[in-house]
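The values are calculated or read from the model by the stated rules, or taken from the named source; none is laboratory data. In this text the structure is predicted, and so the values were computed from the model without any measurement. All Cβ positions, glycine included, derive from the backbone under ideal geometry; neighbour counts span all protein chains shown.
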Amino acid sequence: MQVATIAFDRFNTLQDDEAQERIRAARARLGKKAVLLCHHYQRADVYQHADLTGDSLKLARLASQTDAEFIVFCGVHFMAEVADILSSPGQTAILPDLAAGCSMADMANLAKVERSWRELAEVLGRPDALITPVTYINSAADLKAFCGEHGGIVCTSTNAPTILDWAFAQREKVLFFPDQHLGRWTGYKKGIALDEMVVWDPDLECGGLTAEQIHKAKILLWKGHCSVHQMFQESHIRRWRMQNPGGFVISHPESNLDVCINSDYVGSTEYIIKTIAAAPANTQWLVGTELNLVNRLAEEMKPEGKRVQFMAPTVCMCSTMQRIDPQHLAWSLENLADGNVVNAIRVPPHEAGLARVALDRMLAVS
Ligand code: 13P
Ligand code: SF4
């Protein structure tokens, strides 16, 4: 029987213990109707409820494969949008707190990308014939739709090298948004010269570039970054290596180029977990990615004598993902169990169709 929607106010002041209890009770009532997907950065008090965990690529695949009626996404907004786009019509993606966005994704929007495309057309003629737009999955659905419409594609931190090959097989240049660092590192690994990868500043006329720079560029890197990964610096690695000779450094490719170059391993959150888990016992690791994940890894690896340390001296959490707390999770699940869908993420059909084109290209290539 459906009862009236419960307002969040009633959950805001719940003690953590009570919120946990109500999450468990609501999940028992929902059974297999709801699946709980969690990104690796999710805080521990929410992560413990996950049915399935992963990086962005794995979660996108899992969302497309589940047959649960409700996909409760403990991650950020763009991840829940991808779940909505890739799931079937009868399924609903839910984001327990709508304020859980991604500050990097917010650094690009459709108006700016379309203006950039027009400006590139003025310099190059027909951008559709010369440039493949590649959007990192950390972007709004309308930017994925832009890529779908203009012969472009989506990439994740796992498949960016393969996707870049695909993009260059289509056209001679790439417009990569919104993360300049993932684009630069991926291009660098492919041997593209640094002066052929220029930063496109969407707030300046023509990206702040001359016509000559645009003609010469192979990759136009959108001026965007992750506020968490920008905290990691090459000097942190240097200092740590002096104190831990023989230790290993592993970083996420959203870190800057110096950090990536000076790391022993670079890859997605799933890759970081698997690499450290597969390493010999009693090894030392410095990890350049979000703090919740590093703390969890440090605990999990202790029994094998592996020491896992966080790269930056300051606290670097994904503060937006952190907003999905036990109170919001309890609120959304209890409403669902009562028959009320709160915080459904619904991408408009036309946009979803075009975004799916770009996502399906990615899934087919990677
Ligand atoms: P992954 O796909 O590697 O999990 O990265 C997502 C993300 O937002 C990293 O900041
Ligand atoms: Fe976005 Fe950075 Fe958070 Fe990843 S860690 S979701 S890129 S703000």
### Message
Among the residues of segment 20-38, what is the count of those that are more than 16 Å from ligand 2 (Cβ to nearest atom), part of a strand (DSSP E or B) and either surrounded by fewer than 18 Cβ atoms within 10 Å (Cβ to Cβ) or not aliphatic (A, V, I, L, M) (or both)?
### Response
0
### Task
Scan segment 203-219 for residues that are in contact with a strand residue (DSSP E or B) (Cβ under 9 Å, 6 or more places away or on another chain) and either within 29 Å of residue 41 (Cα to Cα) or β-branched (Val, Ile, Thr) (or both) and jot them down.
214, 219
### Query
Which residue, of 132, 156, is touching a residue at least 40 places away in the same chain (Cβ under 8 Å), in contact with a helix residue (DSSP H, G or I) (Cβ under 7 Å, 6 or more places away or on another chain) and farther than 22 Å from residue 265 by Cα?
132
### Message
Quick check on this structure: which one of 364, 352, 337 is without any contact (Cβ under 8 Å) to a residue 12 or more places away in the chain, small (Gly, Ala, Ser) and on the phi < 0 side of the Ramachandran plot?
### Response
364
### Task
Could you tell me which of the residues 345, 324 is in contact (Cβ under 8 Å) with a residue 60 or more places away in the chain, within 23 Å of the chain's Cα centre (by Cα) and over 30 Å from residue 162 (Cβ atoms)?
324
### Task
Spot the failing condition for residue 288; the list is (1) more than 26 Å from residue 132 (Cβ to Cβ); (2) free of Cβ contacts under 8 Å to residues at least 12 places away in the same chain; (3) not aliphatic (A, V, I, L, M), and only one is missed.
(2)
### Task
Within segment 345-354, count every residue that is surrounded by 15 or more Cβ atoms within 10 Å (Cβ to Cβ) and either out of contact with any Lys or Arg (no Cβ under 8 Å at 6 or more places or on another chain) or within 30 Å of residue 274 (Cα to Cα) (or both).
4
### Query
Is at least one residue of segment 39-53 within 15 Å of ligand 2 (Cβ to nearest atom), crowded, with 20+ Cβ neighbours inside 10 Å, closer than 12 Å to residue 83 by Cβ and not β-branched (Val, Ile, Thr)?
yes
### Message
Against the conditions (1) under 19 Å from residue 183 (Cα atoms); (2) part of a helix (DSSP H, G or I), where does residue 199 fall short? Just the number, please.
### Response
(2)
### Message
With the requirement that a residue be within 12 Å of ligand 2 (Cβ to nearest atom) and either over 11 Å from the mean Cα position of the chain (by Cα) or outside any loop (DSSP other than H, G, I, E, B) (or both), what does segment 95-107 give you?
### Response
100, 105, 106, 107
### Message
Residue under question is residue 17, and the condition is that it be surrounded by fewer than 13 Cβ atoms within 10 Å (Cβ to Cβ), free of Cβ contacts under 8 Å to residues at least 60 places away in the same chain and away from ligand 1 (no atom under 16 Å from the Cβ); does it hold?
### Response
yes
### Summary
The correct count of residues that are more than 16 Å from ligand 2 (Cβ to nearest atom), buried (at least 16 other Cβ atoms within 10 Å of the Cβ) and of a type outside the set (S, T, N, Q) in segment 202-221 is 9
### Message
If a residue must be away from ligand 1 (no atom under 13 Å from the Cβ) and more than 17 Å from residue 154 (Cα to Cα), how many such residues does segment 75-84 contain?
### Response
0
### Task
Considering every residue within segment 64-79, establish whether at least one is in a helix (DSSP H, G or I), in contact with a strand residue (DSSP E or B) (Cβ under 8 Å, 6 or more places away or on another chain) and either within 27 Å of residue 364 (Cβ to Cβ) or not polar (S, T, N, Q) (or both).
yes
### Answer from 341, 347, 357 - the residue that is touching a strand residue (DSSP E or B) at 6+ places or on another chain (Cβ under 7 Å) and hydrophobic (A, V, I, L, M, F, W, C)
341
### Message
I'd like to check something: does segment 316-330 contain any residue that is of a type outside the set (Asp, Glu), over 19 Å from residue 138 (Cβ atoms), at pLDDT 95 or above and touching a Lys or Arg at 6+ places or on another chain (Cβ under 6 Å)?
### Response
yes
### Summary
Given (1) among the aliphatic types (A, V, I, L, M); (2) within 16 Å of ligand 1 (Cβ to nearest atom); (3) over 19 Å from residue 56 (Cβ atoms), residue 204 misses just (2)
#### Entry: Positions within segment 160-189 being touching a Ser or Thr at 6+ places or on another chain (Cβ under 7 Å), crowded, with 21+ Cβ neighbours inside 10 Å and part of a loop (DSSP other than H, G, I, E, B), in sequence order
178
### Query
Which condition does residue 157 not pass, out of (1) small (Gly, Ala, Ser); (2) closer than 18 Å to residue 353 by Cα; (3) crowded, with 24+ Cβ neighbours inside 10 Å, if it passes all the others?
(2)
